[in-house]
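The values are calculated or read from the model by the stated rules, or taken from the named source; none is laboratory data. Quick caveat, the model's predicted, so the values are computed rather than measured. Note: ideal-geometry Cβ built from the backbone for every residue, glycine included; neighbour counts use all protein chains shown.
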Ligand code: COA
Ligand code: MG
């Protein structure tokens with residue numbers, strides 16, 4: 001198995017926790033993080049069995065980080081899911097249907113300081129809570145957005161407009177998730193691309209997300225992992241340019257603005273360049 005990457009996971013691969021076959025594949029994949037799902041992809045009558053499978057997994061010895069998506073705070077399954085939090089190999093919890101930072105706080109009271117990745121746009125009310133995740137004491141590590149549950153919650157017949165692009169409501173949810181995560185100082189993670197056979201569509205969506213500031217993306221199929229990892233890894237040209245910018249400022253520590261390759265660079269460019277170098281593997 002590969003070494004675990006430092007820093008924020010680029011690819012977060014969902015795997016239904018009731019499928020031992022899929023779990024074996026996910027654990028062996030190149031995903032930076034896998035999310036064992038106990039929520040929407042597992043039928044109610046399968047949930048106890050799925051928890052049993054997770055409890056029986058051998059301890060993790062490298063490879064992707066392990067996260068568990070539990071059922072929402074108000075679900076009848078939630079309390080039983082929390083038993084899994086004590087497993088040594090579980091890195092963090094994914095909380096679906098989060099509506100505000102108070103939900104993360106409530107979860108943290110039950111689970112201690114284990115990192116939390118909240119899915120923050122799945123209910124109508126959630127869209128009004130995106131600035132509430134800023135709490136320096138919170139174990140929140142990442143925020144992602146979901147369109148499927150939101151469209152069901154809103155009674156929409158489709159997420160798309162007549163041109164096939166996401167409708168305004170879902171673009172809004174996506175942007176609010178991005179800005180809310182940055183405001184909270186946690187990783188912004190783009191939502192799933194459901195059409196897992198459409199590789200070029202996934203690539204375009206992942207690259208667009210990265211240009212906007214997302215640093216990772218949810219995946220639902222192993223075939224999506226390599227595309228996502230590539231999209232969120234800076235290219236050799238980007239790394240070279242970032243090095244140039246950082247060196248230029250190092251050479252002139254007192255400068256506020258400089259010229260690099262015939263272009264103006266100032267402090268925001270330096271911040272961007274440092275971020276690029278951090279993300280480079
Ligand atoms: N993790 C690990 N392995 C997976 C996988 C996943 N998310 N999705 C598919 N695989 C495996 C399949 O079991 C299959 O294995 P095999 O070659 O040994 O038979 C292989 O990858 C190829 O799968 P494929 O036949 O292309 O897809 P499928 O029809 O078996 O599965 C889905 C399609 C959508 C049902 C499946 O990808 C899936 O369960 N995704 C995750 C869904 C989820 O967790 N949703 C909740 C978050 S939105
Ligand atoms: Mg869901």
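Couple of notes before you dig in:
- Considering (1) out of contact with any helix residue (DSSP H, G or I) (no Cβ under 8 Å at 6 or more places or on another chain); (2) on the phi > 0 side of the Ramachandran plot, the lone condition that residue 63 does not fulfil carries the number (1).
- Answer from 185, 254 - the residue that is out of contact with any helix residue (DSSP H, G or I) (no Cβ under 7 Å at 6 or more places or on another chain) and assigned by TED's automatic domain parsing to the domain that holds residue 131: 185
- Filtering 185, 191, 213 for residues that are in contact (Cβ under 8 Å) with a residue 40 or more places away in the chain and on the phi > 0 side of the Ramachandran plot leaves a single hit, 185.
- Count of region 218-252 residues which are outside any helix (DSSP H, G or I) and out of contact with any strand residue (DSSP E or B) (no Cβ under 7 Å at 6 or more places or on another chain): 4
- Condition met for residue 11 (surrounded by 23 or more Cβ atoms within 10 Å (Cβ to Cβ) and within 16 Å of ligand 1 (Cβ to nearest atom)): yes
- Matching residues in region 179-196 - criterion: being within 18 Å of residue 136 (Cα to Cα) and not in a strand (DSSP E or B): 179, 180, 181, 182, 183, 184, 185, 186
- Region 53-78, residues that are more than 21 Å from residue 123 (Cα to Cα) and part of a helix (DSSP H, G or I): 53, 54, 55
- Filtered residues of region 23-45 (kept if away from ligand 2 (no atom under 12 Å from the Cβ), without any contact (Cβ under 8 Å) to a residue 60 or more places away in the chain and in a loop (DSSP other than H, G, I, E, B)): 28, 43
- Scan of region 88-126 for residues that are away from ligand 2 (no atom under 16 Å from the Cβ) and either in contact with a helix residue (DSSP H, G or I) (Cβ under 7 Å, 6 or more places away or on another chain) or closer than 18 Å to residue 189 by Cα (or both), ordered by number: 90, 91, 92, 100, 101, 104, 110, 111, 114, 115, 116
- Enumeration of residues in region 149-166 that are within 16 Å of ligand 1 (Cβ to nearest atom) and at pLDDT 95 or above: 149, 150, 151, 152, 153
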